[in-house]
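Shown next, in structure tokens, is the structure this report addresses.
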Amino acid sequence: MEKIIKEIQAMSANEKKTLEQMVLKLSEEVGETSQAVLSYLNASGNAYKQLGLEDVKEECVDVMLIALALFFRLAESENELEPLMRKKLAKWKEKVN
């Protein structure tokens with residue numbers, strides 16, 4: 001997984017989209033994830049798309065890729081990700097437990 005993170009970091013350095021365009025792309029990918037979930041669940045008006053679980057998973061990965069690329073665009077150091085992930089995970093654990 002560390003190798004993949006490094007690849008994403010390298011790709012984000014070469015990304016030509018502006019910060020604003022990356023945020024809009026993230027929003028687009030979240031919308032596509034929503035559509036995939038609605039279709040997967042056969043929600044009214046969405047079943048015709050015939051999207052399945054694999055489509056939902058792919059859209060989730062698209063969201064993660066652009067979110068990580070956006071993070072790395074903003075980060076001052078590659079070492080920022082893990083501490084922030086641990087901090088946010090700890091907050092999430094507090095809410096769940």
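The values are calculated or read from the model by the stated rules, or taken from the named source; none is laboratory data. Just so it is clear, the model here is predicted, and its values are computed rather than measured. Heads up, the Cβs are rebuilt from the backbone with ideal geometry, glycines too, and the neighbour counts pull from every protein chain shown.
Only a single criterion out of (1) loosely packed, with under 10 Cβ neighbours inside 10 Å; (2) touching a residue at least 40 places away in the same chain (Cβ under 8 Å) is not satisfied by Lys93, namely (2).
In this structure, is Gln35 in contact (Cβ under 8 Å) with a residue 60 or more places away in the chain, in a helix (DSSP H, G or I) and surrounded by 12 or more Cβ atoms within 10 Å (Cβ to Cβ)? So Gln35 does not fit the description; no.
Is it the case that region 44-57 has a residue that's in contact with an Asp or Glu (Cβ under 8 Å, 6 or more places away or on another chain) and at pLDDT 95 or above?
Kept after step one, since they are in contact with an Asp or Glu (Cβ under 8 Å, 6 or more places away or on another chain), are these residues of region 44-57: none.
The answer is no; no qualifying residue exists.
Can Met85 be described as without any contact (Cβ under 8 Å) to a residue 40 or more places away in the chain, within 22 Å of Glu7 (Cβ to Cβ) and either buried (at least 17 other Cβ atoms within 10 Å of the Cβ) or not basic (Lys, Arg) (or both)? Taking the combined requirement at face value, the residue satisfies it.
Looking across region 26-83, the residues that are within 15 Å of Met11 (Cβ to Cβ) and among the small types (Gly, Ala, Ser) come down to Ala67, Ala69, Ala75.
Here's the yes/no breakdown for (1) buried (at least 17 other Cβ atoms within 10 Å of the Cβ); (2) among the hydroxyl-bearing types (Ser, Thr, Tyr); (3) over 24 Å from Ile4 (Cβ atoms):
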position: Leu26; (1), (2), (3): yes, no, no
position: Glu29; (1), (2), (3): yes, no, no
position: Leu41; (1), (2), (3): no, no, yes
position: Tyr48; (1), (2), (3): no, yes, yes
position: Lys57; (1), (2), (3): no, no, no
position: Cys60; (1), (2), (3): no, no, no
position: Leu74; (1), (2), (3): no, no, no
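For region 5-13, does any single residue satisfy the condition of being part of a helix (DSSP H, G or I) and either at pLDDT 95 or above or of a type in the set (Lys, Arg) (or both)? Yes, region 5-13 contains a residue that is part of a helix (DSSP H, G or I) and either at pLDDT 95 or above or of a type in the set (Lys, Arg) (or both).
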